[in-house]
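Notes follow the structure.
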Amino acid sequence: MMNLIETVKDAGIVGAGGAGFPTHVKISAKAQVFIINAAECEPLIETDKYLMRTFPNEILEAAQIVAEHLGAEHKVIALKSKYQKEIQALQKAINETSSSFKLVMMNSFYPAGDEQTLVQLVTGRSVPERGLPLDVGAVVSNVGTMLNVYQALKGNPVTDKYLSVVGEVAQPIMLHVPLGTTLQECINQAGPTLAEYDIIVGGPMMGKVYRGNNIQGLTVTKTTGNILVLPKNHYLVKCAELPLPSIIAQTKSACVQCKMCTDMCPRYLIGHKIRPNMVMRNMYREKLIVDDSEYEVAFGDAANCCDCGVCEMFACPMGLSPRKVNSYVKGQLAGRGLKPASNKAPVALEELLYRRIPTERLVARLDLMNYFNAHADDCVSIEPECVSILMKQHIGVSGDVCVTVGDKVQKGDLMVKAKEGALSANVHASIKGRITSVDGERIVINKEKE
Ligand code: SF4
Ligand code: SF4
């Protein structure tokens with residue numbers, strides 16, 4: 001059998017549940033612990049649950065092969081104890097195959113599926129600041145990624161994606177679509193209940209908001225796991241649209257230094273040096289600091305922010321946005337060429353255990369309770385006439401295009417080849433047809449009449 005890393009690389013597999021880290025790089029290591037992340041971190045998303053119910057044997061088979069490749073002694077699937085159907089499906093598959101994977105159940109809290117939170121929960125070890133799970137002997141991978149590994153072992157590259165469409169739709173649904181399908185087609189399939197709406201691609205906490213005409217032109221990528229359809233001007237949309245100058249002005253005038261943002265911060269709780277309240281406090285003099293080392297002392301904590309949104313969407317009683325201020329400050333640190341030192345051996349705080357945010361309370365705070373108990377059971381396949389495929393759907397650099405306009409392609413043909421020696425990933429044709437456009441960002445394939 002072909003080397004596993006080569007197989008995964010050839011198939012163009014990137015993390016299906018997050019930012020799209022190329023999987024062949026992630027598994028090019030030895031690890032003591034292999035964790036399958038099945039926590040479905042953000043509220044309302046249905047995709048991983050559907051995959052666990054529908055493909056438990058396939059996920060487990062691929063996970064076993066990857067675990068052996070990593071040399072992992074401990075093999076874990078971590079999921080929420082409320083996922084009863086998924087637990088039954090996985091446990092049945094484990095029993096039938098005498099697998100050495102163990103299920104680790106956890107309460108429903110946010111951000112349970114954050115890689116570093118998950119590693120701390122499973123191993124008791126905190127990942128170093130700005131480090132990787134591998135720094136403490138762990139590799140974490142998502143259930144969707146394992147399904148892609150299973151397909152790759154059968155000779156099938158990543159050409160399709162499972163995703164849920166939830167929120168203001170007739171019924172939340174699962175979709176199975178070729179990469180490059182427009183999000184509008186996905187939304188139409190779910191039947192939006194409002195004539196006008198905005199959407200979040202991803203989850204309500206870390207997903208990206210799109211409005212009106214900006215929805216046109218968006219297409220499904222290897223990391224698109226969910227579309228949340230919202231009424232126009234929903235609270236989450238308004239939060240996302242507040243301009244930075246207003247955010248900074250509010251910070252200077254309204255932060256009462258209650259420290260709730262720090263006390264609830266998941267990174268602070270696993271022992272990282274991050275105190276968003278201090279960043280907020282120092283904003284009043286941010287423009288006055290000329291000396292770089294002084295700037296680093298005042299604002300260096302922001303470098304450890306993971307963008308989870310707990311501070312602004314849950315913790316702050318004043319409705320302020322430490323996350324966005326951190327994001328701004330990170331840009332300033334980079335602009336000044338400052339790289340704050342990283343604590344390589346953080347130790348989690350005892351308070352961690354009782355400062356986890358129950359998912360239901362978070363959903364209520366986000367004004368999403370209308371959608372909380374609606375689940376997607378059925379999966380529908382879409383077969384679009386045309387797909388528009390992004391050349392880069394992962395963290396790292398784009399590969400080299402190896403097709404041109406007019407080429408005929410079969411589903412699964414290589415179109416973009418990963419750059420050697422770089423963090424890069426292959427991209428394949430997701431439908432059979434003719435290439436009608438290659439513009440430096442996207443490749444368009446049109447189906448041809450037989
Ligand atoms: S977004 Fe806020 S809560 Fe999350 S890591 Fe950053 S500072 Fe902490
Ligand atoms: S929670 Fe809000 S008000 Fe309190 S310290 Fe943080 S930013 Fe300031």
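This table checks each residue for (1) assigned to a strand (DSSP E or B); (2) more than 20 Å from Thr223 (Cα to Cα); (3) in contact (Cβ under 8 Å) with a residue 60 or more places away in the chain.
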residue: Ala364; (1), (2), (3): no, yes, no
residue: Lys392; (1), (2), (3): no, no, no
residue: Gly396; (1), (2), (3): no, no, yes
residue: Gly406; (1), (2), (3): no, yes, no
residue: Thr436; (1), (2), (3): yes, yes, no
residue: Lys449; (1), (2), (3): no, yes, no
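Which helices (runs of 4 or more DSSP H) sit wholly inside segment 174-275 and have at least 2 residues that are of a type in the set (A, V, I, L, M, F, W, C), surrounded by fewer than 20 Cβ atoms within 10 Å (Cβ to Cβ) and more than 16 Å from ligand 2 (Cβ to nearest atom)?
Those helices (runs of 4 or more DSSP H) span 235-241.
Which number in (1) buried (at least 18 other Cβ atoms within 10 Å of the Cβ); (2) in a loop (DSSP other than H, G, I, E, B) marks the one condition that Ala19 misses?
(1)
Out of Ala364, Ala348, report the one residue that is touching a Gly at 6+ places or on another chain (Cβ under 6 Å), more than 16 Å from ligand 2 (Cβ to nearest atom) and of a type in the set (A, V, I, L, M).
When all the criteria are applied, what remains is Ala348.
Within 16 Å of ligand 2 (Cβ to nearest atom), more than 30 Å from Glu441 (Cβ to Cβ) and either part of a loop (DSSP other than H, G, I, E, B) or in contact with a Phe, Trp or Tyr (Cβ under 6 Å, 6 or more places away or on another chain) (or both) - does that describe any residue in segment 330-341?
Within segment 330-341, none of the residues are within 16 Å of ligand 2 (Cβ to nearest atom), more than 30 Å from Glu441 (Cβ to Cβ) and either part of a loop (DSSP other than H, G, I, E, B) or in contact with a Phe, Trp or Tyr (Cβ under 6 Å, 6 or more places away or on another chain) (or both).
Could you please tell me which pairs satisfy a Cβ distance under 8 Å, a separation of 6+ or placement on different chains, a first residue in segment 1-26 that is aromatic (Phe, Trp, Tyr), and a second residue that is assigned to a loop (DSSP other than H, G, I, E, B) and crowded, with 23+ Cβ neighbours inside 10 Å?
Phe21/Gly15; Phe21/His394
Looking only at segment 227-256, filter to residues that are more than 30 Å from Leu175 (Cβ to Cβ) and within 15 Å of ligand 1 (Cβ to nearest atom); which one of those is farthest from the chain's Cα centre (by Cα)? Give the derivation first.
Kept after step one, since they are more than 30 Å from Leu175 (Cβ to Cβ), are these residues of segment 227-256: 242-256.
This time we only want the ones that are within 15 Å of ligand 1 (Cβ to nearest atom), so: 247, 251, 255.
Values: Ile247: 25, Thr251: 28, Cys255: 30 Å.
The residue in question is Cys255.
In segment 283-310, which residues are surrounded by fewer than 19 Cβ atoms within 10 Å (Cβ to Cβ) and within 15 Å of ligand 1 (Cβ to nearest atom)?
Asp307 - this is the single residue of segment 283-310 that is surrounded by fewer than 19 Cβ atoms within 10 Å (Cβ to Cβ) and within 15 Å of ligand 1 (Cβ to nearest atom).
Please go through segment 276-302 and give me each residue that is among the hydroxyl-bearing types (Ser, Thr, Tyr) and within 15 Å of ligand 2 (Cβ to nearest atom), ordered by number.
Tyr284
Answer with yes or no whether Glu58 is crowded, with 18+ Cβ neighbours inside 10 Å, acidic (Asp, Glu) and part of a loop (DSSP other than H, G, I, E, B). Can you show your working first?
Numbers: crowded, with 18+ Cβ neighbours inside 10 Å: yes; acidic (Asp, Glu): yes; part of a loop (DSSP other than H, G, I, E, B): no.
So Glu58 fails the test.
No lab work stands behind these numbers, since they all come straight from the coordinates. Model, not experiment: these values are computed from the prediction. Glycine also receives a Cβ, built like all others from the backbone with ideal geometry; neighbour counts cover every protein chain displayed.
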